[in-house]
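Since the structure comes first, as structure tokens, the remarks are kept for the end.
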């Protein structure tokens, strides 16, 4: 038998310790599960188009709600009548005119831009403050005693009443409205995270880190918050559309943004009396507000489901 049939294999202890397994990326797995649903791709494309229209169209067709207020003939014109009166086809009058001769088409996209910016700013402020304070609140027993007293006092005041009082006191401008929505809006988020942290703070790995003298900020950032990723995404999915709904509702009842700031709620409020006689003034802002809210909620819920590690099995 030839000696070439056999050969000696050296024992490499370093190579023996290596595990042959595919590399795992948490977020790659999240997005793989998320994009597995074709409806998510459709909703993302549709939402990107809404965002593009909300920022591009107001730049191309500036919205001036009182530009034709002195001309009564421009009031409440349907699309065909508006285009005929203003000299032919124009995207500006694609949806007709409102009760003050304003362009419904231009007003919708300017208002949608306001709602989107408002929702992103309020969500960023409330989520950031709520997550950080909620994590500390649930981990520190001394801080917990103080915050519970503050929470019990503020939580008993109706949120709508608090916002209404603040708007009347500080005014109804854009940043005043942001302040009214965020001055206590983070408190409910912080309390929710406090309960989540209480569930996982006494697990074995957290107790081991505490015995080793790990600083509290590091324990919160390394031991607790990573396990709440799906919870954070789920909460964000409800927070973003809730601010749009809040703005629409408050503007609808007359205590939202000021008249010089275009908003979907104000457009709906101004067109409610024309619900039957001039439907082109009422339904377009309703449809856009509903579309933005529903898309954000569905995408957020699907992303929250995909961020749950149990869906990666």
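Any read-out appearing in this document is the output of simple, stated calculations on the displayed coordinates, not a laboratory observation. These numbers were taken from a predicted model, which means no experiment stands behind them. Backbone-built Cβ (ideal geometry, glycine too); neighbour counts: all protein chains shown.
Spherically averaged projected area of the convex hull of Cα atoms, segment 192-243: 3.9 nm².
Helix 159-170 and the long axis of the chain differ in direction by around 60°, with both axes built from C-alpha atoms. Computing P(r) over Cα pairs in 20 Å bins from 0, in percent directly from the structure and comparing it against (1) 25, 44, 21, 7, 2, 0; (2) 35, 61, 5; (3) 34, 57, 10 singles out (1). Highest GNM mean-square fluctuation among 109, 27, 93, for the chain modelled with Cα contacts below 10 Å: 27. The packing ranking of peptides 215-223, 229-237, highest mean first, is 229-237, 215-223, where packing means the average number of other beta carbon atoms within 10 angstrom of each residue. Mean-square fluctuations from a GNM of the chain, with a 10 angstrom spring cutoff on Cα atoms, peak among 80, 135, 106 at 80. The Rg/Rh ratio of segment 160-239, with both radii computed over alpha carbons and Rh defined as the Kirkwood radius, is 1.17. Packing, taken as the mean count of other beta carbons within 10 Å per residue, orders the peptides 29-39, 185-195 from highest to lowest as 185-195, 29-39.
Residues considered: 207, 181, 43. Largest GNM mean-square fluctuation over the chain, using C-alpha springs under 10 Å, is found at 207. Rounded to two decimals, the Cα-based Rg/Rh of segment 218-258, with Kirkwood Rh, is 1.32. The long axis of helix 38-60 is offset from the longest Cα principal axis of the chain by roughly 50 degrees.
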